[in-house]
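Novice: Quick one: this structure, given as structure tokens, is what I'll be asking you about.
Just so it is clear, none of the values below were taken in a lab; they were calculated from the coordinates. From a predicted model like this one, the values you see are computed outputs, not experimental measurements. Please note: Cβ atoms are built from the backbone with ideal geometry, for glycine as well, and neighbour counts cover all protein chains shown.
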Amino acid sequence: MPTIAFLLVILGLILLCWGWQMTKNICSKTEVPGWTWLLMLISCFIFAYAAFLHAIMKKPVASLL
């Protein structure tokens with residue numbers, strides 16, 4: 001498993017989760033639909049990052065390209 005790729009994806013997941021939490025706080029305080037869309041997009045990115053992390057752990061990066 002490539003260490004740099006693994007660490008970058010983990011860092012991305014941490015930052016996305018932090019952003020999700022901040023966006024969730026804003027969504028609870030406002031009724032603007034744009035914030036709800038942003039929350040859904042961040043959720044999709046978190047899912048995609050987790051799926052990519054799973055793929056990195058199962059296969060070498062060369063086979064992913």
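Novice: Let me make sure I get this right: for the chain, a, b and c are the square roots of the gyration tensor eigenvalues over alpha carbons, sorted descending. Under 1.5 in a/c it's rounded, otherwise prolate if a/b > b/c, else oblate. Which is it?
Specialist: It is prolate, given that a/c is not under 1.5 and a/b is the larger ratio.
Novice: Now, a different point. What are the ³J(HN,Hα) values, in whole Hz, obtained from phi via the Karplus relation 6.51 cos²θ - 1.76 cosθ + 1.60 with θ = phi - 60°, for each residue of region 20-26 in sequence order, with x given for Gly and Pro?
Specialist: Calculated HN-Hα couplings, in order: 4, 5, 5, 5, 4, 4, 5 Hz.
Novice: Over the chain, what is the mean sequence separation of C-alpha contacts under 8 Å (at least six apart), divided by residue count, expressed as relative contact order in percent?
Specialist: RCO, the chain: 56 percent.
Novice: Expected output is a single nm value to one decimal: the length gained when fully extending between Leu15 and Ser43, i.e. 0.36 nm times separation in residues minus the C-alpha distance. What is it?
Specialist: Roughly 8.9 nm would be gained on extension.
Novice: Continuing with the same structure: Can you show me the helix-derived [θ] at 222 nm for the chain, built from DSSP H runs with n ≥ 4 at -39,500 (n - 2.57) apiece and divided by the number of residues, rounded to the nearest 500.
Specialist: -30000 deg cm²/dmol
Novice: Rank by packing, highest mean first: peptides 6-13, 31-38, with packing defined as the count of other Cβ atoms within 10 Å averaged across residues.
Specialist: Top of the packing list down: 6-13, 31-38.
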